[in-house]
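See below for the structure under consideration.
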Amino acid sequence: MNMQDTEALKIVLIAALPLIFTLTLREAATGFMAYRLGDRTGLAQGRLSWNPMVHLDWLGTVILPLGMMLLAGVTQFPLIFGWAKPMPVDYRQCQQPRLAFRWIALTGLGAYLLMGLAWSLLGGILRGVDAPDFFRSMAFWGLWMNAVFFAWSLLPLPPMDGGRLLITFLPPPLALKLAQIERYTFLILIGFILLGLHRYTVLPIAFAVSQLLTFL
């Protein structure tokens, strides 16, 4: 293993914990919002918890995103893609299903921003007290992870939060057509990455968000 590979592995190990928090706590936040709006599905299935392990998907939360980082090597702002176990929500249990759909999507986006801001503030504190590089690097990756997944979530494709949010504003016929795209979203995203379109959409948005949260 050469020096570059060793450094990449070190980055992956540092980023693992922020990555798990980013993906799992977002699901927890949407579950608690759904509960507040009247849905009891998450509670019944044992998903209403802040424990990351309850929401962790080994492939989507650990293997794929950390593997992408490892392949990217020592790139300072790598592309990351992944997921946690989707939070089960029965919108029929909510008093206003359409409004609940909107609020839960906004909660997902808001969770990324709040976590990113928390990591940014932590990073500022750690720099101020001259903390070890390990912890400062972890704070950096926590901020970047949340910025990247916020950017992914803005894409107007269900089940991304941006897509679900768009559905709530469209007339019913158009909303139904957009909702039907969900079964193809994963394939669309793969094509999106292979064509390099993320370089002109996801990464610039993520960089802008991370910069904004740094200066708040």
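Which numbered condition trips up residue 193, out of (1) at pLDDT 95 or above; (2) over 24 Å from residue 14 (Cα atoms); (3) within 17 Å of the chain's Cα centre (by Cα)? The number of the failed condition is (1). The range 113-183 holds helices (runs of 4 or more DSSP H) entirely within its bounds, and those carrying 2 or more residues that are at pLDDT below 95 map to 133-153.
Scan the range 57-76 for residues that are among the aliphatic types (A, V, I, L, M) and touching a residue at least 24 places away in the same chain (Cβ under 8 Å) and jot them down. Explain how you work it out, then say what you get.
Applying the first criterion (among the aliphatic types (A, V, I, L, M)) to the range 57-76 yields 59, 62-64, 66, 68-72, 74.
Result: 62, 66, 69, 70, 72, 74.
Of the residues making up the range 184-201, those that are of a type in the set (Phe, Trp, Tyr) and either assigned to a loop (DSSP other than H, G, I, E, B) or closer than 30 Å to residue 212 by Cα (or both) are 186, 192, 200. Just one of the listed residues (54, 89, 12) is within 21 Å of residue 202 (Cα to Cα), without any contact (Cβ under 8 Å) to a residue 60 or more places away in the chain and either surrounded by 20 or more Cβ atoms within 10 Å (Cβ to Cβ) or among the aliphatic types (A, V, I, L, M) (or both), namely 12.
Filter the range 46-81 for residues that are among the polar types (S, T, N, Q) and at pLDDT 95 or above; which is farthest from residue 12 (Cα to Cα)?
Here is the first cut: in the range 46-81, the residues among the polar types (S, T, N, Q) are 49, 51, 61, 75-76.
In the following step, the residues that additionally are at pLDDT 95 or above were identified as 49, 51, 61.
On the way: 49: 26, 51: 22, 61: 13 Å.
The selected residue is 49.
Residue pairs whose Cβ atoms lie under 6 Å apart, sitting 6 or more positions apart in sequence or on different chains, and linking a residue in the range 22-34 that is on the phi > 0 side of the Ramachandran plot and in contact (Cβ under 8 Å) with a residue 12 or more places away in the chain to a partner that is among the polar types (S, T, N, Q) and assigned to a helix (DSSP H, G or I), do not occur here. Looking only at residues of the range 179-216 that are among the small types (Gly, Ala, Ser) and either more than 30 Å from residue 118 (Cβ to Cβ) or touching a Lys or Arg at 6+ places or on another chain (Cβ under 9 Å) (or both), we find that the one that is surrounded by the fewest Cβ atoms within 10 Å (Cβ to Cβ) is 196.
The values are calculated or read from the model by the stated rules, or taken from the named source; none is laboratory data. Remember, it's a predicted structure, so these values are computed and weren't measured experimentally. Note that we place each Cβ from the backbone using ideal geometry, even for glycine, and neighbour counts take in every protein chain shown.
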